[in-house]
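Structure first, then comments.
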Amino acid sequence: MHEQLHFSLHPSTVEELKLFSQLLKKEYDTILNEALQQYFDNARKRMLEKNFEDENMETNLDFDEFWDGVEI
């Protein structure tokens, strides 16, 4: 099932799309799909790295720092 989306591209982006379509001998939709897939992959990677960094910020104390000042 294909859903139609309506959006606009900057004229310079359209010109580059046309140029690369000719150079690569690829259809516009193929170039756009490949570019979007790469964007999504990179965005997922950045989100995972950020989540990992956020988790590490919560647990960045070593054993001695964590227990410093605690009396048992």
Quiz item: With each run of n ≥ 4 DSSP H residues scored as -39500 (n - 2.57), what mean residue ellipticity at 222 nm is computed for the chain after dividing by its residue count and rounding to the nearest 500 deg cm²/dmol?
Solution: -23000 deg cm²/dmol
Exercise. Using the heavy atoms of the protein chains and a 1.4 angstrom probe, tell me the accessible area per residue for the chain in square angstrom.
Key: 104
Quiz item: Between the helical axis of 28-58 and the dominant principal axis of the chain, each derived from Cα atoms, what acute angle in degrees is found, rounded to the nearest 10?
Solution: 10
Exercise. Would you mind checking the tilt of helix 11-24 against the longest principal axis of the Cα atoms of the chain, expressed as 0 to 90 degrees and rounded to 10?
Key: 80
Quiz item: Fully extended, how many nm does the chain gain between W67 and E3 (0.36 nm per residue separation, minus their Cα-Cα distance)?
Solution: 17.4 nm
Exercise. May I ask you to give the percent of accessible area on the chain that is carbon plus sulfur, with a probe radius of 1.4 Å?
Key: 57
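The values are calculated or read from the model by the stated rules, or taken from the named source; none is laboratory data. Source: prediction; values computed, not measured. We work out accessible area using only protein heavy atoms, side chains counted, and drop any ligands, DNA or RNA first. Shrake-Rupley method; radii C 1.70, N 1.55, O 1.52, S 1.80 Å.
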